[in-house]
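Data block below; observations after.
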Amino acid sequence: MRQPIRHSRLVLAALAIALTAACANEGANLGFGPTVTGQVSVGVYFDRDGTRTFTVLDTVFAKARVALFIKGGVDTFSTALTDSKGVALFSSVPVGRYRIVIEPRSIGDSIQVLAYDSSEVTLTAKAAGTGTVARVGFPEVSLRQARALPAGKRVFVRGTILAGLQSFRDTTSHVADTSGYIRLTRVTIRNGLIGNNPGDSVTVLGAVGTRAGQPTLDQAIITTLANRPAPIAISVTTAVAALAQGGGLDAGLVQITAATIQSVTVAAPDIQVVVNDGSGPLTVVLDGNIGFPTAPFVVGLKLTGKGVLAPDGAGHWTLKPRQFGDVQIN
């Protein structure tokens with residue numbers, strides 16, 4: 001469902017539009033007359049951070065072609081291009097009700113109109129003008145949809161961080177929404193941040209890609225919206241984790257309990273620990289970024305731990321704890 005655009009004074013100043021709410025004009029006297037005209041203005045901005053509201057990261061959008069239709073009609077009444085301030089201005093418009101449409105070809109193949117403040121405006125005899133604002137940007141999709149898109153497609157997703165960028169040396173982060181999970185690769189975080197926290201509510205702009213045989217969002221740019229409580233891991237057996245439940249838990253956050261340590265291998269700077277709770281073996285990768293010591297990991301002891309699942313490229317998944325507190329040995 002399209003989200004409403006939340007305006008700030010910055011938006012109004014940047015777009016130079018005097019907005020009048022369409023609902024306030026419903027039922028007003030339109031005062032149709034041959035000499036009664038006014039102005040209709042349409043502001044367009046590019047939502048660069050996916051926050052669905054105008055921020056300092058966003059920019060006005062010039063040279064978008066905007067069409068004005070008389071409400072209920074199919075013929076274009078007039079067209080105009082947005083100027084350097086992102087505003088398309090229609091002058092000498094007779095009073096009446098109009099529908100606003102931005103021509104898709106004028107904003108590029110990969111960019112879409114994401115929302116209008118109102119796609120209809122009403123110009124009355126009592127008002128000198130009216131207007132609306134449109135938000136354009138890359139498509140917004142669920143993680144499930146993102147995983148099914150062709151490689152190279154640039155999209156926005158919204159979700160919750162499962163593993164922060166600082167946890168792993170391979171520049172990955174993991175994110176979840178209600179539809180599933182995905183890894184983010186070659187990650188950067190806006191505002192110069194070098195890490196993020198599990199539970200953070202974020203938007204992510206990335207290009208669909210693959211790594212080790214599973215979908216990713218590559219060259220991902222994260223914008224943090226809010227800090228939330230840490231997410232809860234799903235309890236699974238070691239055998240289920242090793243196959244990511246047929247791939248359905250790829251990039252997900254899971255927990256294993258009381259799995260016996262079968263082997264410990266130092267593959268500097270990482271440590272690889274094979275564990276088994278009786279259902280089947282699973283490799284736990286202790287990332288060098290975290291700096292786990294090898295001494296506590298002794299064959300025969302029990303490991304309880306949580307982390308995210310990452311494919312190994314050979315049909316199996318490894319469990320990657322995100323911090324010291326994710327692992328307990330007894």
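Whether a residue is crowded, with 16+ Cβ neighbours inside 10 Å and within 14 Å of the chain's Cα centre (by Cα) was assessed, and A220 passes this test. Keeping to the stretch 114-148, report how many residues are touching a strand residue (DSSP E or B) at 6+ places or on another chain (Cβ under 7 Å), in contact (Cβ under 8 Å) with a residue 60 or more places away in the chain, over 27 Å from P229 (Cβ atoms) and not polar (S, T, N, Q). Number satisfying all stated conditions: 17. Checked against the criterion of being exposed (fewer than 15 other Cβ atoms within 10 Å of the Cβ), on the phi < 0 side of the Ramachandran plot and at pLDDT below 95, the stretch 36-53 has no qualifying residue.
Residues of the stretch 181-199 that are in a loop (DSSP other than H, G, I, E, B), open to solvent by less than 50 Å² (accessible area, probe 1.4 Å) and within 13 Å of A220 (Cβ to Cβ): V187, N196. Whenever a residue of the stretch 201-221 is polar (S, T, N, Q), its partners that are open to solvent by 40 Å² or more (accessible area, probe 1.4 Å) and assigned to a strand (DSSP E or B), lying with C-beta atoms within less than 7 angstrom and at least six residues away or across chains, give the pairs S201/T160; S201/L225; T203/R158; T203/L225; T216/T210.
Here the stretch 161-180 is the region considered, the condition is being open to solvent by less than 50 Å² (accessible area, probe 1.4 Å) and either among the hydroxyl-bearing types (S, T, Y) or in contact with a Phe, Trp or Tyr (Cβ under 9 Å, 6 or more places away or on another chain) (or both), and the residue that is farthest from T223 (Cα to Cα) is S179.
Of all residues in the stretch 43-60, those that are within 23 Å of T79 (Cα to Cα) have Cβ atoms under 6 Å from Cβ atoms of residues that are among the aliphatic types (A, V, I, L, M) and in a loop (DSSP other than H, G, I, E, B), 6 or more apart or on another chain, in G43/I17; V44/A64. In the stretch 228-330, counting only strands (runs of 3 or more DSSP E) that sit wholly within it, the ones holding 1 or more residues that are of a type outside the set (S, T, Y), open to solvent by 30 Å² or more (accessible area, probe 1.4 Å) and at pLDDT below 95 span 253-267.
Every test in (1) closer than 27 Å to L149 by Cβ; (2) without any contact (Cβ under 8 Å) to a residue 24 or more places away in the chain is passed by P293 save one, and that test is (1). Of the listed requirements (1) in a strand (DSSP E or B); (2) more than 13 Å from the chain's Cα centre (by Cα); (3) farther than 20 Å from T160 by Cβ, P215 misses just one: (3).
The values are calculated or read from the model by the stated rules, or taken from the named source; none is laboratory data. Just so it is clear, the model here is predicted, and its values are computed rather than measured. For neighbour counting, all protein chains shown are included, and Cβ atoms are generated from backbone atoms with ideal geometry for every residue, glycine included. Surface accessibility is based on the protein's heavy atoms, side chains included, excluding ligands, DNA and RNA. Shrake-Rupley method; radii C 1.70, N 1.55, O 1.52, S 1.80 Å.
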